[in-house]
Protein chains: 2
Amino acid sequence: MGNQHDFVREITNIEDDFAKWYTDIVLKADLADYTDTKGCIAIKPYGYAIWENIQKYTDEQFKKTGVENVYFPVLIPESLLNKEKDHVEGFAPEVAWVTEGGGQELDEKLCIRPTSETMFSTLYSKWLKSWRELPIVYNQWCNVLRWEKETRPFLRSREFLWQEGHTIHETAKEAEERTLQMLDVYADVIENLLAIPVIKGRKTEKEKFAGADATYTVETLMHDGRALQAGTSHYFGQNFTKPFDIKFQNREGKEEYAYQTSWGISTRLIGAVIMAHGDNRGLKLPPRVAPIQIVIVPVAAHKEGVTQKAEELYERLSKKFRVEVDLRENVTPGFKFNDWEMRGVPVRIEQGPRDIENGVVVLVRRDNGEKLVVKQEELEETLENLLEQIQQDMFKECEVRRAQKTTVAKTLDEFIKNINENQGFIKTMWCGDEECENKIKEETGAHSRCIPFKQEHLSDTCVVCGKPAKHMVIWGRQY
Amino acid sequence: MGNQHDFVREITNIEDDFAKWYTDIVLKADLADYTDTKGCIAIKPYGYAIWENIQKYTDEQFKKTGVENVYFPVLIPESLLNKEKDHVEGFAPEVAWVTEGGGQELDEKLCIRPTSETMFSTLYSKWLKSWRELPIVYNQWCNVLRWEKETRPFLRSREFLWQEGHTIHETAKEAEERTLQMLDVYADVIENLLAIPVIKGRKTEKEKFAGADATYTVETLMHDGRALQAGTSHYFGQNFTKPFDIKFQNREGKEEYAYQTSWGISTRLIGAVIMAHGDNRGLKLPPRVAPIQIVIVPVAAHKEGVTQKAEELYERLSKKFRVEVDLRENVTPGFKFNDWEMRGVPVRIEQGPRDIENGVVVLVRRDNGEKLVVKQEELEETLENLLEQIQQDMFKECEVRRAQKTTVAKTLDEFIKNINENQGFIKTMWCGDEECENKIKEETGAHSRCIPFKQEHLSDTCVVCGKPAKHMVIWGRQY
């Protein structure tokens, strides 16, 4: 790890300037750094290890549902990108173009994939012949590039890492079921691995993916009350299969266009973890995704046997947990405590000469600062339970904060008041008219997050126009 | 899997046209396909699963040696690429340039990384301060792009997947040790996972990496007697750390430039597996890397209970092995046998009504066609041993073929005769002069593979000029 000997790791106060607090954490916890490639970050080992844990868990869930991994080209010819009208309108303005290769100008320019619907569709069209081959459920873990004007590490980076699943099906029903199945996988990853509660719902027409019939989303709320779209799953119907000519012979021997989906989560989730859980001491990682679950810090390490006991403890706990032992000689235990708190390690173990004498260690929880004195022989069992408890408590803490920051508005005035006082999610009834949606955005800066699957009846009328309401919608300012 | 119902899967004879045989395998075993992006392939699930197994094993070995994974930008500004003279000369002709982004022409064009020495070096220069932070041992699994004129799936693709490790060290000695340590990891992966014997050695000055002091390599021999460079590890000395200003305060408090290495293996290894082991029946996968180790094919599946027994067997064996059961109803068992042989699955299990009655199954080895009748209750143990035996036998078969195709030449005439008659590796003594190396290339099309670590004394004089010899070198025509 770099910068180990920086003594001062000051972090901006989270209440004073959340954006600066966020950047401080990213840089000082060694998650990532800026690079000479504008808008692109370097993900450092500690940040990447979080991504590896997300990947591993997600990929296992994928494979249980029959997903197969592939890898398709990063470069997409312009003519392919242009095939689906809404899609190209949505993405063309933010792509990067390769125009020279091997010392020559290219006949046709190639974009770096902003997403790969077009590439997958072209290949599916080439491969698909019969209903017997369906469904095709492919996914790739890869980099993508979108030429964002304003960037922030992890949240909005020109290049980011993600997975993109692209599937084709025999029937609309089966494709729709797959769309929702993958949304459930995302909800599982975000709630159970990252300890962040989600709201599942459908995006409005205005907010859906370029080229989709329907976009489903898992929406989360950050510490400052801003919303973050944590994952999306799209149902395309035949919007791509028609222009891309993805046909198959159906069970009746007739030609038919397939039904399609796509779905993705990205390194943005690292940003979500930082912003959902972090505090003024720094990063706070849920045990299941933490690269280091437990750090051992010897106290009075100059005294005989203390370092050795720390090393023994490290060996012992490594068999069961992701553990680190901090034997740095050029910094004090106090510095180490702050340092590992800043890095968000869920449990710290302190062990000094007296603890060794008494056959105990001191455990300190990162999430609430609680200290426990534990007998050596009960350590594994206690830690196992404790890590699980921390995971649950962190989820609950987020849930409570979200509840505090969720309000109901029945009029636009109330909406404006709520969002200015409390930020957060705002629930309203809505007539379904895009004009009313635009009005809210203009007046408040809030976007519709989704039409939640769990609908509530708040009133009979739209929050803006007062006409009969069709849906309950959740709104919020977004990352 | 696509194309399941193609009845004909004819493969070109391996002795008639090896290049066409190779392409047939790639396409018909569903490993990869061509795409609309010239020179770039789509890696399909079966091919990608091989890569996942290589990745998993290699990454585990890496982590045991203290490697930490990161992810750095895919785009590298031109000014960075230009910093090290030899490096830019080596790579500039084969890069792809991004010149437009977000609808605008860029002030400085960005290349898609052909390799990332320049990006890593720039960041190391920013981060490194003290000897205490050394060594830094980072690696990334990513895509790279090189604008090759002639491409072949897996072997030479414009875009490919690889890992690139980049390390910096306090001393030259430590850096050199890391270079060789990673070469050993590669040898382990290729010999023990892929069952292909390697020769470890150093590249000549002519063949070394652009910008390196020394390049070490693991060289393999394919079925047709051509050589394939399977992995390389480079020692840079201070060639990059000086132009990139990667300095640290050493133990004496003085500023010093760090010592650097890099090392990589790629999806080219999938090509190596195909070409080292395959035969006229198709692909032949070593059990440790095979996505499917065992396939169960029910015989006379229309008879009562046969399909059910196959499914039960699948459930049972899945607990221990990577298994598939082929229950397709629209193709015959004979078709299935050929199909799975073509896909290189190490062991086939046949089970018909009579086998069920007798409490046995029939195992068929892909590598040598051998059949074994095994009692149901002994199945797991037999399979475990059999897979291990196949792994060993496949390695030995490659070793024997390599020995048959390795000759010694003491004169250039002998060299030409050997390579024309026998292709393969040719061992000679060499004076160390690049002129003699060039002469061999011109006359025979063979490149020096390496100066093997295990030197032999074949004679006193150079194979070309007759002057006193410095090294034994291995030569061969290459992929």
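The values are calculated or read from the model by the stated rules, or taken from the named source; none is laboratory data. Keep in mind it's a predicted model, so treat the numbers as computed, not measured. Note that each Cβ is placed from the backbone with ideal geometry, even for glycine, and that neighbours are counted across all protein chains shown.
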**Report entry** Residues of the range B:300-323 classified as in a loop (DSSP other than H, G, I, E, B) and modelled with pLDDT of 95 or more, total
**Finding:** 4
Report summary line: Of the conditions (1) assigned to a helix (DSSP H, G or I); (2) touching a His at 6+ places or on another chain (Cβ under 8 Å), the single one that residue B:344 does not satisfy is (1)
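Are any residues in the range A:358-375 surrounded by fewer than 16 Cβ atoms within 10 Å (Cβ to Cβ) and either in contact with a strand residue (DSSP E or B) (Cβ under 9 Å, 6 or more places away or on another chain) or at positive phi (or both), and if so, which ones?
To start, the set of residues in the range A:358-375 that are surrounded by fewer than 16 Cβ atoms within 10 Å (Cβ to Cβ) comprises A:358-359, A:368-373, A:375.
Across the range A:358-375, the qualifying residues are A:358, A:359, A:369, A:370, A:371, A:372, A:373, A:375.
Quick one: in the range B:119-142, which of the residues that are part of a strand (DSSP E or B) and more than 9 Å from every other protein chain (Cβ to nearest Cβ) is farthest from the chain's Cα centre (by Cα)?
Of the residues in the range B:119-142, the ones part of a strand (DSSP E or B) are B:130, B:136-142.
Still in the list and also more than 9 Å from every other protein chain (Cβ to nearest Cβ): B:137, B:139, B:141.
Details: B:137: 22, B:139: 17, B:141: 14 Å.
The selected residue is B:137.
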Requested in this report: Take the range A:158-201 and flag every residue that is of a type outside the set (A, V, I, L, M), more than 14 Å from chain B (Cβ to nearest Cβ) and touching a Cys at 6+ places or on another chain (Cβ under 6 Å).
Outcome: A:197, A:201
Query raised in the report: Which ones in the range A:214-225 are surrounded by fewer than 19 Cβ atoms within 10 Å (Cβ to Cβ) and either of a type in the set (D, E, K, R) or in a helix (DSSP H, G or I) (or both)?
Result: A:224
Query raised in the report: Are any of the residues in the range A:220-230 assigned by TED's automatic domain parsing to the domain that holds residue A:166, closer than 20 Å to residue A:67 by Cα and of a type in the set (S, T, N, Q)?
Result: no
Report summary line: Here the qualifying pairs (Cβ atoms under 9 Å; residues six or more apart or on different chains; first in the range B:373-399 and touching a residue at least 24 places away in the same chain (Cβ under 8 Å) and assigned by TED's automatic domain parsing to the domain that holds residue B:354; second basic (Lys, Arg) and assigned to a helix (DSSP H, G or I)) come out as B:379/B:316; B:380/B:316
Query raised in the report: Does residue B:147 satisfy the condition of being in contact with a helix residue (DSSP H, G or I) (Cβ under 8 Å, 6 or more places away or on another chain) and farther than 15 Å from residue A:44 by Cβ?
Result: yes
Requested in this report: Determine which member of the set B:145, B:228 is within 14 Å of chain A (Cβ to nearest Cβ), touching an Asp or Glu at 6+ places or on another chain (Cβ under 9 Å) and surrounded by 18 or more Cβ atoms within 10 Å (Cβ to Cβ).
Outcome: B:145
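Taking the stated definitions as given, is residue A:276 closer than 30 Å to residue A:58 by Cβ, touching a helix residue (DSSP H, G or I) at 6+ places or on another chain (Cβ under 6 Å) and not in a strand (DSSP E or B)? Reasoning before the result, please.
Values: closer than 30 Å to residue A:58 by Cβ: yes; touching a helix residue (DSSP H, G or I) at 6+ places or on another chain (Cβ under 6 Å): yes; not in a strand (DSSP E or B): yes.
Taking the combined requirement at face value, the residue satisfies it.
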Report task. Select, from A:253, A:211, the only residue that is touching a strand residue (DSSP E or B) at 6+ places or on another chain (Cβ under 7 Å), in a loop (DSSP other than H, G, I, E, B) and either farther than 30 Å from residue A:396 by Cα or of a type in the set (S, T, N, Q) (or both). Result -> A:211
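Every residue, every condition in (1) closer than 21 Å to residue A:475 by Cβ; (2) not basic (Lys, Arg), yes or no:
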{"residue": "A:205", "(1), (2)": "yes, yes"}
{"residue": "A:217", "(1), (2)": "yes, yes"}
{"residue": "A:223", "(1), (2)": "yes, yes"}
{"residue": "A:246", "(1), (2)": "no, yes"}
{"residue": "A:251", "(1), (2)": "no, no"}
**Report entry** Residue ID - surrounded by the fewest Cβ atoms within 10 Å (Cβ to Cβ), chosen from residues in the range A:35-53 that are under 26 Å from residue A:184 (Cβ atoms) and out of contact with any strand residue (DSSP E or B) (no Cβ under 8 Å at 6 or more places or on another chain)
**Finding:** A:53
Query - Single condition residue B:228 does not satisfy, out of (1) outside any strand (DSSP E or B); (2) touching a residue at least 60 places away in the same chain (Cβ under 8 Å); (3) not aromatic (Phe, Trp, Tyr) - result: (1)
**Report entry** Hits in the range B:341-357 (condition: crowded, with 17+ Cβ neighbours inside 10 Å and basic (Lys, Arg))
**Finding:** B:343, B:348
